[in-house]
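For reference, the structure discussed in these notes is given below.
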Amino acid sequence: WEVNKPLCIEEVEVAPPKAHEVRIKIIATGLCHSDAHILNPKFTNALFPVILGHEAAGIVESVGPGVTSCKPGDKVIPLYMPQCKKCKFCLSPLTNFCAKLSPFKSPLIQQEVMEDKTSRFTCKGKPVYHFLGASTFSQYTVVSDANLAKIDDDADLERVCLLGCGFSTGYGAAINTAKVTPGSTCAVFGLGGVGLSALIGCKAAGASRIIAVDINSEKFAKAKTLGATDCLNPKDLQKPIQEVIIEMTNGGVDFALDCAGGSEVMKAALDCTTVGWGSCTLIGVDIDDKGLTVSPMDILMGRTINGTAFGGWKGRDSIPKLVTDYKNKKFNLDALVTHTLPFEKINEA
């Protein structure tokens, strides 16, 4: 209902889907930090009341007129990055952006209502805003058919829900955006769900050395099981983390991925890459960050900075394939699930 307050569990009326919309029964939803951003007083653009949540998997309950991509009973993953398949971005192999997202808005306040400018949620007689075109903290939700990937009927929804954001974002950042190469050296900053997924991506791409960085050393054991060769806690070091990494790697890593956010971490990630071809990929964002100051010299010396949203995946095309990859044990999602809680414990989560 409002900023800086716990979420309330309410009875909500979920309207039937209109043209090119789908109503879904949500079976499992993950928690992503972006959901918490909206409740932070420093984030001033949020609209309330709102149903949060954007990382989930469920089953189609009903479809509106014109929907051909799925039918009732199908297993699906809602997508906060739409893929209309018609706009100049969807038609380009260079990006997973879609014109249905406004390039001038913070990604976190996209798609607060459906395309006809109305909500499908009503609570206590008042309309409730959607969130990221998904609103998965609800037993039922309505999404556009451009924001939906149909997946295999035998998919484990309590695991593949992570493909709705966290895993896809980190894994894709390494594979699609950074394009990590076999034999390369990598540094991953931040070992939450996204960071561990980036680490899995670096290993899958054949990196020979992966340096995992976090200010919580308890995360290192899991990072090592997923492919980290070295683990560093900046709090335990006598000098800046980038200097330590440069010494360890004979001048810097080939690829750095910032999965934490905040200009200090972004700068460290950029600084720890080698001159000549070092690549720094930004994934995390700190909501009240004042921005990154970069010396032109850093860039003139051959380093690049790039950013990624949803790991560069065109969701409707790619997420079904990732579900199949998970079933074929190409990567381990189980390691990313730390707690399984009932819906009533959402605030504890």
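The values are calculated or read from the model by the stated rules, or taken from the named source; none is laboratory data. Treat the numbers as computed from the prediction; the structure is a model and nothing was measured. Note: ideal-geometry Cβ built from the backbone for every residue, glycine included; neighbour counts use all protein chains shown. Each accessible area value is taken on the protein alone, full model and side chains, heavy atoms only, with ligands, DNA and RNA left out. Shrake-Rupley method; radii C 1.70, N 1.55, O 1.52, S 1.80 Å.
Return yes when residue 241 is touching a helix residue (DSSP H, G or I) at 6+ places or on another chain (Cβ under 8 Å), among the aliphatic types (A, V, I, L, M), surrounded by fewer than 18 Cβ atoms within 10 Å (Cβ to Cβ) and at pLDDT 95 or above and no when it is not.
On the way: touching a helix residue (DSSP H, G or I) at 6+ places or on another chain (Cβ under 8 Å): yes; among the aliphatic types (A, V, I, L, M): yes; surrounded by fewer than 18 Cβ atoms within 10 Å (Cβ to Cβ): no; at pLDDT 95 or above: yes.
Judged against the criteria, residue 241 is not a match.
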Legend entry - Residue identified as more than 22 Å from residue 324 (Cα to Cα) and open to solvent by 40 Å² or more (accessible area, probe 1.4 Å) among 17, 41: 41
Inset, instruction - Report the residue count in the range 17-45 for those that are assigned to a loop (DSSP other than H, G, I, E, B) and either more than 21 Å from residue 147 (Cα to Cα) or not assigned by the TED database to the domain that holds residue 65 (or both). - result: 7
Legend entry - Residues that are in contact with a Cys (Cβ under 7 Å, 6 or more places away or on another chain) and more than 30 Å from residue 46 (Cα to Cα), drawn from the range 255-298: 255, 256, 270, 273
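Confirm whether residue 334 is closer than 22 Å to residue 169 by Cβ and outside the structural domain of residue 234 (by the TED database).
Values: closer than 22 Å to residue 169 by Cβ: yes; outside the structural domain of residue 234 (by the TED database): yes.
Yes; evaluated as a whole, the condition is true for this residue.
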Inset, instruction - Identify all residues within the range 172-213 that are open to solvent by 10 Å² or more (accessible area, probe 1.4 Å) and in a helix (DSSP H, G or I); write none if there are none. - result: 175, 176, 177, 193, 194, 196, 200, 203, 204
Inset, instruction - State which residue is farthest from residue 340 (Cα to Cα) when the search covers only the range 1-53 and only residues that are in contact (Cβ under 8 Å) with a residue 12 or more places away in the chain and hydroxyl-bearing (Ser, Thr, Tyr). - result: 34
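Select from the range 316-338 the residues that are under 18 Å from residue 136 (Cα atoms) and of a type outside the set (D, E, K, R) and write down the one among them that is modelled with the highest pLDDT. Walk me through it before giving the result.
Just the residues of the range 316-338 that are under 18 Å from residue 136 (Cα atoms), to begin with: 316, 319, 337.
With of a type outside the set (D, E, K, R) added as a condition, the list becomes 319, 337.
Numbers: 319: 98, 337: 93.
The extreme case among them is 319.
Looking at the range 293-349, which of the residues that are assigned to a loop (DSSP other than H, G, I, E, B) and of a type in the set (Phe, Trp, Tyr) is surrounded by the most Cβ atoms within 10 Å (Cβ to Cβ)?
That would be 313.
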